[in-house]
Each structure stands twice: as structure tokens, then as C-alpha cells.
Amino acid sequence: MKNKGLIALFTAFALGFGMMSVSHAGSYGSQLIAYHVNYDQAKRQSGALRNIQNHINAVGAENLDLRVIMHGKGLSLLLLPDEAGNTGLPIGNATEEMQAKIAGLKSQGVTFKVCANTVRGKKINVDEHLYDVADSDIVPSGVAELSHLQHLGFTYLRP
């Protein structure tokens with residue numbers, strides 16, 4: 001019984017870090033995916049990033065157009081912890097560990113889109129307060145972006 005638990009733990013660990021090839025990779029076809037993040041719990045955000053990596057492992061980065069859309073408290077995913085006090089958000093979750101996960105996903109083609117309404121409303125300076133956000137990452141409205149992407153055929157996921 002202990003061996004089954006260890007095997008399951010190792011398998012989950014290996015899949016989470018992309019160290020195992022998945023025989024089903026590519027069998028899902030091309031996918032358009034919009035992940036929605038509008039919550040500030042670091043554990044839940046980390047879980048969402050793990051879901052995204054698992055999604056990539058199963059489908060293959062070359063078969064995905066995967067976007068993470070953040071608005072409201074969801075911007076805490078990219079907010080540097082030391083900068084939270086300079087904004088209208090209560091917490092910043094972009095620790096070094098979270099930054100490494102985000103960078104790893106970006107290197108596989110995942111894009112992170114930021115709501116301009118939240119940036120303005122929470123008095124966030126994109127260049128100073130957020131981790132690795134370019135002007136091209138800003139969308140006028142997070143919720144409108146989600147609706148637009150669904151209209152274009154993107155599947156909506158909110159982990």
C-alpha cells in the first residue's frame with residue numbers, strides 16, 4: 001500500500017514538472033484556453049499555475065493558445081510582495097517562487113493578460129509594482145476580454 005502511495009506521489013511530482021512524457025500528448029488536438037484568475041489566495045493561484053502546466057504536459061505547448069486573464073484581486077498573482085502597500089491590493093503573491101513558475105509558463109507560450117480597469121482602480125504602476133508585464137499584456141477590461149475570447153472559441157476555465 002505504501003508503494004502505491006509513493007508511486008502516485010512521484011508520478012504527480014514528475015508530471016507537474018514536465019519530466020515525464022505523456023503518451024496522450026497531442027491527442028487532444030489544438031486548443032484555445034482562457035484561464036480566469038480574480039482571487040488573491042496564493043495557494044489557489046499556485047494551484048492554477050500547476051493546472052496550466054499539467055494542461056501543457058497533456059496537450060503540448062505547440063497545440064495550445066493559452067491565456068491567463070487577471071482582474072480585481074487576481075492581479076496579486078503578478079504583484080511584487082514589497083509593492084502591495086503602494087497599491088489598492090492587500091497582498092502581492094509574485095514571490096521568487098511564483099515568478100519562476102510564471103516565467104516557466106511564459107517560456108512555453110502562455111500569455112498573462114492584465115485588466116486596465118484594475119490597474120487604474122487599484123493605483124498600480126505596471127512597471128514598478130508588477131512582475132514582467134508589458135504594455136501588450138494590458139487589456140481594457142478583464143471580463144470583456146474573457147467574453148471576447150469565448151466568442152472567438154476559447155474554452156473558459158476558472159481553477
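Computed from the coordinates by the stated procedures, all read-outs in this text should not be read as laboratory data. These numbers were taken from a predicted model, which means no experiment stands behind them. We place every Cβ from the backbone using ideal geometry, glycine too, and count neighbours over all the protein chains shown.
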If you take the square roots of the eigenvalues of the alpha-carbon gyration tensor of segment 39-136 and sort them as a ≥ b ≥ c, do you get rounded (a/c under 1.5), prolate (a/b over b/c) or oblate?
-> prolate
So, by mean Cβ neighbours within 10 angstrom, what's the order for 112-119, 151-158 with the highest one leading?
-> 112-119, 151-158
Where does each of 39-47, 142-150 land if you order them by average Cβ count within 10 Å, highest first?
-> 142-150, 39-47
Arrange the following residues from fewest to most other Cβ atoms within 10 Å of their Cβ: M70, M98.
-> M98, M70
Mind sorting E96, E62 by how few other Cβ atoms lie within 10 Å of their own Cβ, fewest first?
-> E96, E62
Could you state the number of Å between the C-alpha centres of segment 33-54 and segment 91-131?
-> 12
Exposure proxy ranking, count of Cβ atoms within 10 Å, fewest first, for T111, T87 = T111, T87
